[in-house]
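Participant: Next up is a structure, given as structure tokens.
The values are calculated or read from the model by the stated rules, or taken from the named source; none is laboratory data. Everything numeric here is computed off the predicted structure, so don't read it as measured data. Cβ: placed from backbone, ideal geometry, glycine included. Neighbour counts: every protein chain shown. Protein only, heavy atoms only, side chains kept; ligands, DNA and RNA dropped before computing areas. Shrake-Rupley method; radii C 1.70, N 1.55, O 1.52, S 1.80 Å.
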Amino acid sequence: MRYPAGHKQEKRKELLSVSGALIKANGFSSTGVDALTQGAGVTSGSFYSHFGSKTELLKALIGNELQISRDMWAGNPHDTAEEWVNFELDRYLSMGHVNHPESGCVIPALGAEIARADTSVKQLYAQELHKGIVILSQRLGNEALAWAFICQLVGALVLARAMPTAKEKKTVIESSKLFLKRALQTQTTHGHAQKSS
């Protein structure tokens with residue numbers, strides 16, 4: 001049976017979407033190929049025709065997920081740094097993101113597993129993450145602030161997800177949001193003061 005042009009690419013995107021949701025919800029190591037193929041409605045042979053190994057899937061997933069994050073930043077409708085940041089804080093540090101890792105950022109969901117992966121996975125992760133840092137550096141004014149911003153967002157989400165009650169989860173994300181807003185305002189004010197002196 002002949003498939004239309006682009007069928008394989010579309011199937012790969014579908015596999016990445018389904019696999020990404022399962023893996024972010026349940027963890028990479030604990031999600032077997034059988035669960036991935038069942039979730040995507042394909043055979044293991046079809047799965048391996050797209051990804052030569054589970055490690056290759058992880059690499060593809062990292063690249064795809066971090067591209068989605070960059071696309072979301074590019075779609076942020078605000079122009080001023082303050083409005084842009086506030087929009088991203090409200091989007092990232094939300095109870096919806098805390099409660100639904102399957103549809104959220106890959107870094108808090110898989111960061112620990114990426115840290116235990118082989119060097120080729122880490123190199124790809126660093127390469128893709130640096131592309132996002134470039135965007136954030138432009139928005140926030142410098143690279144160090146961009147790294148700090150990402151670290152605070154991811155750390156807050158990891159801590160919130162580990163809390164046993166909704167009230168504690170909300171406390172973590174709201175206090176983190178407040179801290180980041182104040183820290184960025186201080187940094188911006190301090191930066192303007194240095195430029196004018």
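Participant: What size of dipole, in debye to the nearest 20, comes out for the stretch 107-182 about its Cα centre when the only charges are +1 on Lys and Arg C-beta atoms and -1 on Asp and Glu C-beta atoms?
Facilitator: The calculation lands at about 360 debye.
Participant: Right, another one. Any chance you could check the Cα centroid distance between the stretch 90-145 and the stretch 42-75 for me, in angstrom?
Facilitator: Their Cα centres are 15 Å away from one another.
Participant: While we're on this one: Can you find, among 80, 45, 132, the residue farthest towards the positive end of the dipole of the chain? Put +1 on the C-beta of Lys and Arg, -1 on that of Asp and Glu.
Facilitator: Of the options given, the answer is 45.
Participant: Per 0.36 nm of contour for each residue apart, how much would the distance between residue 14 and residue 142 grow if the chain were fully extended, relative to their Cα-Cα spacing?
Facilitator: Here the segment from residue 14 to residue 142 would lengthen by 42.4 nm.
Participant: To the nearest 20 Debye, how big is the dipole of the chain about its Cα centre, given +1 on the beta carbon of each Lys and Arg and -1 on that of each Asp and Glu?
Facilitator: The dipole magnitude comes to about 120 debye.
Participant: So what is the accessible area of the stretch 1-114 per residue, in Å², with the probe set to 1.4 Å?
Facilitator: Heavy-atom SASA per residue in the stretch 1-114 reads 51 Å².
Participant: Moving to a separate point now. Going out from 0 in 5 Å bins, what whole percent of all Cα-Cα distances in the stretch 1-93 drops into each bin?
Facilitator: So the P(r) values, bin by bin, are 2, 12, 20, 19, 13, 11, 10, 7, 4, 1, 0.
Participant: Also: Lysine pairs in the chain with alpha-carbon atoms under 18 Å apart, 8 or more places apart or on different chains: how many are there?
Facilitator: Lysine pairs meeting the criterion: 15.
Participant: Within the chain, which complete DSSP H helices have Cα atoms spanning at least 18 Å along the helix axis and a mean Kyte-Doolittle hydropathy of 0.0 or higher?
Facilitator: TM-like helix candidates: 119-140, 143-162.
Participant: Could you compute the FRET efficiency for residue 179 and residue 118, with r as their C-beta to C-beta distance and R0 at 45 Å, rounded to 0.05?
Facilitator: 0.80
Participant: A follow-up question, please. Quick check on packing: order 17-26, 131-140, 45-54 by the mean number of other C-beta atoms within 10 Å, highest mean leading. Intermediate results must be reported in sequence, preceding the final value.
Facilitator: Details: 17-26: 19.5, 131-140: 16.1, 45-54: 14.5.
Per-residue Cβ counts within 10 Å, averaged per peptide and sorted highest first, yield 17-26, 131-140, 45-54.
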